[in-house]
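Remarks on the structure that follows.
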Amino acid sequence: MRILLAEDDPLLGDGLRAGLRQLGFLVDWVRDGDAAERELRTQSYAAAVLDLGLPLKDGMEVLASIRRAGITLPVLVLTARDAVPDRIRGLDVGADDYVVKPIDLNELAARLRALVRRAHGQPQERLTVQGVALDPAARTVTQAGVLVTLSAREFDLLHALMLNAGRVLSREQLEQHLYSWGQEVESNAIEVHVHHLRRKLGSALIQTVRGVGYVLARELLKLP
Amino acid sequence: MRMPRSLQGRLLLLVLGLVVGVWLATATLTWIDVRHELDELLDSHLAQAAALLVVQQAAEIDDDHRGVDAPTLHRYAPKVAFQVFHEGTLAQRSSNAPAEPMLEFTGRAPDGFRTIAIGGTAWRVFATRGRERDVQVFVGEQVESRNSILWAVLRSSLGPMLLALPLLALAAWWAVRQGVAPLRLVGRALAQRSPQALQPIAVKGAPSEMTPMLDALNRLFERIADLLESERRFTADAAHELRTPIAAIRAQAQVALGAAADAERLHALQATLQGCDRAARLVEQLLILSRLESGAEHVLVAVDLAALARQVVADAAPLALGKRQGIEVDATEPCTVRGDATLLSVMIRNLVDNAIRYSPSGATVKLAVSNAQGVVELSLDDGGPGMSSDDMERLGKRFFRVVGSGQEGSGLGWSITRRIAAVHQAVVRVARSRSLGGLSVEIDFPGQRVA
């Protein structure tokens, strides 16, 4: 899951990035409000962690601005401002969650997963499609009760497809889910990962829509 | 006698004391006056009676007269007595008069008034004699009778006053109580206040004597409210500012715990330590700011700013050299200002630290202290990136907010610098450095004549 972290404090930003990476997130870290807004407008993130006291542009302004632009990704505001009016304003402007520093990294990760899940209309943490169950917190996948070992990228790819089950995702969209900045993306990387997933989970699970991308059907179509 | 502690008691005591004093004085004067008048009147009666007896005796003298006791005609008569002697022999006397002359004839015969004791009683006696000097007349009156009159006069004139005294005391007590009622009202209002209530106190119809006190009290409330508000804001801000470093320490520690690789763990642990140092520095700065904010009086003495500048640069030099920066100080001649050496030191250190931190490797930081026409100027130039005029503006206006720059500063340095400058009534100017291209900070200590 790729998220944007907007935090101007070097130590905290570094710690959050490292911690969230340990917990399986792909983290892009920006240190000012302008960069945060630019990234949110141009890149596709599963969610964003936004500090409010950002230089150049206040976090609240960034939030209001992207909401006006129709960007609906889940935003978790992480701030030192704990006054109730601040919280209310943050939520009203468009934050999906409002967390006061300091926060436990596991809790932050859980909140982010919950935000992403809800954004995709999933009430439960575990995603189950066609007998394949994915646990985002434990980062495990089981098929018919049997644990399937996946690489981190394969897991992220499957997670993205399962979250968007029934929707076709383009190769570019999938790449954005899988790679953070600076990571070299081989031109056929997605194809390779899809290939591996099909080998491990069966070829019928992920379907190719030629010229568009890939889709994971909600229900296995019974072919006559 | 000790004055009572209560104003009411004090007023009551004074009023009643004065009244009683005036009455006593009046009584004394009356006593003296009445006694004088009484003596005059009764003495004249004695003299008159004596004269009468002398005349009568001169008319009635015969050789064979015997001492005759005059009858007692009235119950008051025993209080007066007379004796008439003819050629040394008692001719007549009142029944209560002794046989011996009331006054002894020793040498010169007595004449005029005397007060003597006869049979243990004080008598006022008038002695005189006839023209032929053969008749001697004594008329006496008991002194006690005069005193009785005196007392009677005093009783009737001062008695009602004595009776009125308790009533007067009661009236005075009531009046004084009414008079000090506003004081009691204020006292009650203050006693009922909660410690948080610092709004001005208002007493309806407060007497003009109380207005200065109430005004002073309200001004005090105002100052306390301001102080409390600034304390409250400070505490909130401090807690707020400490959240980020603590969050960083926590995150880094958690990363270290969860790190799979040694390098990652090492990095996180070092970052944790760095976070602790930063939190400690922040606390230190908060404490300095809190001391500055508390409004305590700072003792300003003559301080050589040039010497302080040299010391600070000497201390900071290793840091600058570590970043391969050039650092220099131009402060040769003593420049005395009235100030607090510790605070000034903190201020200069903040400025120099900032310059070193924000300037890249290879840049120069230059501190100078000069004295021109009694104005001591401290200036700091650096070859760093400088600041946009917008940021300079914000630097001036912002208080206690992190100055966002990507650098790990608390943003308190500037607040502290400005506060310390304010304590010294110094003017701070921030501009682009003409000599080095980065930031230029000038602090003027105006009107500080060098002694």
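One table, with the values for the structure above:
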quantity: Segment B:420-437 residues that are surrounded by 16 or more Cβ atoms within 10 Å (Cβ to Cβ), paired with ones that are assigned to a loop (DSSP other than H, G, I, E, B) and not charged (D, E, K, R) (beta carbon under 6 Å, 6 or more apart); calculated: B:Val423/B:His298; B:Leu436/B:Gly383; B:Gly437/B:Gly383
quantity: Residue match in segment B:108-120 (condition: at pLDDT 75 or above and assigned to a loop (DSSP other than H, G, I, E, B)); calculated: yes
quantity: Matching residues, segment B:301-325, being surrounded by fewer than 16 Cβ atoms within 10 Å (Cβ to Cβ) and in contact (Cβ under 8 Å) with a residue 40 or more places away in the chain; calculated: B:Val301, B:Ala302
quantity: Residue check for B:Ala263: surrounded by fewer than 18 Cβ atoms within 10 Å (Cβ to Cβ), in a helix (DSSP H, G or I) and assigned by TED's automatic domain parsing to the domain that holds B:Glu377; calculated: no
quantity: Qualifying position, being outside any helix (DSSP H, G or I), among the basic types (Lys, Arg) and on the phi < 0 side of the Ramachandran plot, among B:Arg188, B:Arg193; calculated: B:Arg193
quantity: Options A:Gly24, A:Gly13; residue that is closer than 27 Å to A:Glu184 by Cβ, in contact with a strand residue (DSSP E or B) (Cβ under 7 Å, 6 or more places away or on another chain) and surrounded by fewer than 23 Cβ atoms within 10 Å (Cβ to Cβ); calculated: A:Gly13
quantity: A:Gly19 buried (at least 21 other Cβ atoms within 10 Å of the Cβ), without any contact (Cβ under 8 Å) to a residue 40 or more places away in the chain and within 11 Å of chain B (Cβ to nearest Cβ); calculated: no
quantity: Selection status of B:Ile201, of a type in the set (Val, Ile, Thr), closer than 30 Å to B:Leu412 by Cα and either surrounded by 15 or more Cβ atoms within 10 Å (Cβ to Cβ) or out of contact with any His (no Cβ under 9 Å at 6 or more places or on another chain) (or both); calculated: no
quantity: Residue that is farthest from the other protein chains (Cβ to nearest Cβ) [pool: residues in segment B:244-254 that are surrounded by 21 or more Cβ atoms within 10 Å (Cβ to Cβ) and of a type in the set (A, V, I, L, M)]; calculated: B:Ile249
quantity: Test: A:Glu37 is in a helix (DSSP H, G or I) and away from chain B (no Cβ under 14 Å); calculated: yes
quantity: Of residues in segment A:32-42 being under 18 Å from A:His177 (Cβ atoms) and touching a helix residue (DSSP H, G or I) at 6+ places or on another chain (Cβ under 8 Å), the one surrounded by the most Cβ atoms within 10 Å (Cβ to Cβ); calculated: A:Leu40
quantity: Unique residue being of a type outside the set (Val, Ile, Thr) and closer than 30 Å to B:Arg35 by Cα when the list is B:Glu132, B:Glu141; calculated: B:Glu141
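Rundown of residues vs (1) more than 14 Å from chain A (Cβ to nearest Cβ); (2) touching a His at 6+ places or on another chain (Cβ under 9 Å); (3) of a type in the set (Asp, Glu), yes/no style:
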| residue | (1), (2), (3) |
| --- | --- |
| B:Ala263 | no, no, no |
| B:Asp277 | no, no, yes |
| B:Asp304 | yes, no, yes |
| B:Leu321 | yes, no, no |
| B:Gln325 | yes, no, no |
| B:Thr336 | yes, no, no |
| B:Asp353 | yes, no, yes |
| B:Val365 | yes, no, no |
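Here is a yes/no grid of residues against (1) surrounded by 12 or more Cβ atoms within 10 Å (Cβ to Cβ); (2) in contact with a helix residue (DSSP H, G or I) (Cβ under 8 Å, 6 or more places away or on another chain); (3) among the aromatic types (Phe, Trp, Tyr); (4) outside the structural domain of B:Leu273 (by TED's automatic domain parsing):
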position	(1), (2), (3), (4)
B:Ala216	no, no, no, no
B:Leu227	yes, no, no, no
B:Ser230	yes, yes, no, no
B:Ala238	yes, yes, no, no
B:Leu242	yes, yes, no, no
B:Ala256	yes, yes, no, no
B:Ala259	yes, yes, no, no
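To keep it simple, each residue is scored yes or no on (1) out of contact with any Asp or Glu (no Cβ under 9 Å at 6 or more places or on another chain); (2) of a type outside the set (Lys, Arg); (3) within 21 Å of A:Leu178 (Cβ to Cβ); (4) within 14 Å of chain B (Cβ to nearest Cβ).
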residue: A:Ile3; (1), (2), (3), (4): no, yes, yes, no
residue: A:Val30; (1), (2), (3), (4): no, yes, yes, yes
residue: A:Ser44; (1), (2), (3), (4): no, yes, yes, no
residue: A:Asp51; (1), (2), (3), (4): no, yes, no, yes
residue: A:Leu54; (1), (2), (3), (4): no, yes, no, yes
residue: A:Asp58; (1), (2), (3), (4): yes, yes, no, yes
residue: A:Val99; (1), (2), (3), (4): no, yes, no, yes
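The values are calculated or read from the model by the stated rules, or taken from the named source; none is laboratory data. These figures come from a predicted structure and were not determined experimentally. Note: ideal-geometry Cβ built from the backbone for every residue, glycine included; neighbour counts use all protein chains shown.
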